[in-house]
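Here is the structure we will look at, set down as structure tokens.
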Amino acid sequence: LGLDHAHRAKDVRGKPLNIVHRDISPQNIMVRADGVTKLVDFGIAKAANKASRTQAGMVKGKLQYMSPEQVRGEPLDGRSDQFSLGIVLWEMCTGRRLFKAENEINTLQKILQNPIPKPSQHVPGFPGELEGVIMKMLERDINKRYAHLGDVAQKLKEYLDRSSMQAGEVS
């Protein structure tokens, strides 16, 4: 929800800031002692009204957590952060690295071309509903992802609400 808020932020005149974090990774997600999750390190975030520009050919962010469009140097919006967060969720749920490779070239190839395995390929009995959300976040075609991270948050909340009800029903 914090990322969704950043993506939808507007300046004082109501003009969208188009903030994209560009560095979503486990290292930048912190959980406080009370369970509240915080996203940190907006140091390389890009906003529409920001005066700085990235040099041609300069890559910003952690390679293994980049979206295909970020790797290709294309314009980014919040759906790029969504892909990166999808990687983090996939890894949290499977206990494996999704795009780990022996070198940067192979990592890029995995991000851009290799089939993305479903979590259920590594975790027997993985919940189909949760897998569907994660795999939609990891669509290489940006237009097939959720429109906003608020939509992802809603789907995850619905899943958690249903799964906790089911867990509560078990005696």
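Might you let me know whether segment 133-143 holds any residue that is open to solvent by less than 40 Å² (accessible area, probe 1.4 Å), modelled with pLDDT of 95 or more and assigned to a loop (DSSP other than H, G, I, E, B)? Yes, because at least one residue in segment 133-143 is open to solvent by less than 40 Å² (accessible area, probe 1.4 Å), modelled with pLDDT of 95 or more and assigned to a loop (DSSP other than H, G, I, E, B). Residues of segment 141-148 include none that is more than 16 Å from the chain's Cα centre (by Cα) and polar (S, T, N, Q). With respect to residue 111, is the statement that it is at pLDDT 95 or above, over 24 Å from residue 161 (Cα atoms), of a type in the set (Val, Ile, Thr) and not in a helix (DSSP H, G or I) true? No: the conditions fail for residue 111. The set of residues from segment 84-105 being part of a helix (DSSP H, G or I), more than 13 Å from residue 27 (Cβ to Cβ) and not aliphatic (A, V, I, L, M) comprises 86, 90, 93, 94, 104.
Per the conditions (1) open to solvent by less than 80 Å² (accessible area, probe 1.4 Å); (2) part of a helix (DSSP H, G or I), the sole criterion not satisfied by residue 123 is (2).
Residues in segment 72-109 that are over 22 Å from residue 41 (Cβ atoms) and buried (at least 18 other Cβ atoms within 10 Å of the Cβ): 94, 108. For beta carbons closer than 8 Å, sequence separation of 6+ or different chains, a first residue in segment 98-126 that is of a type in the set (S, T, N, Q) and a second that is assigned to a loop (DSSP other than H, G, I, E, B), the qualifying pairs are 107/99; 107/100; 107/101; 109/101; 120/126.
Only a single criterion out of (1) of a type in the set (A, V, I, L, M, F, W, C); (2) within 14 Å of residue 24 (Cβ to Cβ); (3) not in a helix (DSSP H, G or I) is not satisfied by residue 116, namely (2).
The values are calculated or read from the model by the stated rules, or taken from the named source; none is laboratory data. Since the structure is predicted, the reported quantities are computational estimates derived from the model, not experimental observations. Note that we place each Cβ from the backbone using ideal geometry, even for glycine, and neighbour counts take in every protein chain shown. Protein only, heavy atoms only, side chains kept; ligands, DNA and RNA dropped before computing areas. Shrake-Rupley method; radii C 1.70, N 1.55, O 1.52, S 1.80 Å.
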